[in-house]
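*Asks:* Structure below; questions to follow.
Every read-out reported here was derived from the displayed coordinates using simple, explicitly stated rules and does not represent laboratory data. These numbers come from a predicted model, not from an experiment. Backbone-built Cβ (ideal geometry, glycine too); neighbour counts: all protein chains shown.
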Amino acid sequence: MTDPLSFSSASPRFALPMLFSGQSQKEVIVNEALLAADVLLHPAIEAVLSAPPAAPTNGQCWLVGAGATGAFAGQSSRIAAWSEGGWRFIAPREGTRAYDVAAAAYRIFAGGNWQLAPAPAAPTGGSVIDSQARTAIAAIITTLRSAGVLS
């Protein structure tokens with residue numbers, strides 16, 4: 001496992017490393033920032049795991065679950081990205097959204113946890129039943145689920 005790099009100057013939101021004047025080995029800083037940006041621009045995760053997968057492919061990402069072990073230890077709730085240089089862990093910010101391939105839905109980081117967007121219940125009950133309205137609402141819910149907006 002590679003040791004996480006720490007940078008003396010970083011961006012305020014996602015701690016992307018910043019260059020400073022006269023810096024040597026700028027490519028290290030720029031490459032780390034590009035890897036993080038690559039993960040964050042359109043986050044898509046394979047699944048939620050508490051232990052690293054056996055054979056990750058370059059560019060694949062996972063959400064680190066609770067009780068993480070191995071290379072994931074101490075990285076719960078972070079996005080784990082595999083690169084040629086090993087694991088990179090990115091801390092999400094409130095409102096970060098990532099597509100979960102396994103769940104076929106988006107997850108949103110809110111209140112310190114990754115959550116699937118809950119689907120509303122189909123309409124039921126009431127003294128007047130409008131079957132056309134219920135059919136339309138059910139179709140909207142189905143469409144939102146198939147688009148990955150709702151779980």
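*Asks:* Taking 7 Å along the Cα-to-C-beta vector as the label spot, tell me the Gln25-Val48 distance in nanometres, rounded to one decimal.
*Replies:* So the label points at Gln25 and Val48 sit 3.7 nm apart.
*Asks:* Here's a follow-up. Summing +1 for each Lys or Arg and -1 for each Asp or Glu, what net charge is found among the other residues whose Cβ lies under 15 Å from the Cβ of Ile45? Walk me through the numbers before you get to the answer.
*Replies:* Working: positive: Arg78, Arg88, Arg97, Arg107; negative: Asp38, Glu46, Asp100.
In short, +1.
*Asks:* Could you work out how far apart the two model spin labels at Gln132 and Arg97 are, taking each label as a point 7 Å from the Cα in the direction of the beta carbon, and quote it in nm?
*Replies:* Roughly 3.2 nm, to one decimal.
*Asks:* Just to confirm a number: summing +1 for Lys and Arg and -1 for Asp and Glu over residues other than Ile108 whose beta-carbon lies under 12 angstrom from that of Ile108, what do you get?
*Replies:* Details: positive: Arg93, Arg97, Arg107; negative: Glu94, Asp100.
Local net charge: +1.
*Asks:* OK, next. Taking a temperature of 10 °C and a viscosity of 1.306 mPa s, what whole-number D in µm²/s does Stokes-Einstein yield for the stretch 26-114 with Rh from Kirkwood over alpha carbon pairs? Working shown, then result.
*Replies:* Numbers: Rh = 13.2 Å.
The Stokes-Einstein estimate is 121 µm²/s.
*Asks:* Under the Kirkwood approximation for Rh and a Cα-based Rg, what ratio Rg/Rh is obtained for the chain?
*Replies:* Numbers: Rg = 20.0 Å, Rh = 17.7 Å.
Reported Rg/Rh (Cα atoms, Kirkwood Rh): 1.13.
*Asks:* Then there is this: Sort Asp130, Asp100, Asp38 by Cβ crowding within 10 Å, fewest neighbours at the top. The partial results should precede the final answer.
*Replies:* On the way: Asp130 11, Asp100 21, Asp38 15.
Going from sparsest to densest Cβ surroundings: Asp130, Asp38, Asp100.
*Asks:* If you don't mind, another one. Counting only helical runs of four or more DSSP H residues, what would the 222 nm mean residue ellipticity of the chain come to if each run contributes -39,500 (n - 2.57) and the total is spread over all its residues? Write out the running numbers ahead of the final one.
*Replies:* Working: 2 runs with 32 residues, N = 151.
Only helices count here, giving -7000 deg cm²/dmol.
*Asks:* I've got another one for you. I need the shape label for the stretch 104-151. Rule: rounded when a/c is under 1.5, else prolate if a/b > b/c, else oblate, with a, b, c from the alpha carbon gyration tensor. Please list the in-between numbers first.
*Replies:* Values: a/c = 5.57, a/b = 2.12, b/c = 2.63.
Oblate.
*Asks:* Oh, and also: Estimate the FRET efficiency between Ala110 and Thr143 by the formula 1/(1 + (r/R0)^6), using the beta-carbon distance for r and 30 Å for R0, to the nearest 0.05.
*Replies:* 0.80
*Asks:* Now for a separate question. So if a site counts as exposed when it's one of the GluC sites (Glu not before Pro), its DSSP state isn't H, G, I, E or B, and it has at most 12 other Cβ atoms within 10 Å, what's the longest stretch of the chain without one?
*Replies:* Numbers: sites that count: Glu84, Glu94.
Excluding the exposed sites themselves, the longest stretch runs over 1-83.
*Asks:* Below 15 angstrom from the Cβ of Ile137, what's the summed charge of the other residues (Lys, Arg +1; Asp, Glu -1)? Each step should come with its number before you reach the end.
*Replies:* Details: positive: Arg134, Arg145; negative: Asp130.
Surrounding charge for Ile137 is +1.
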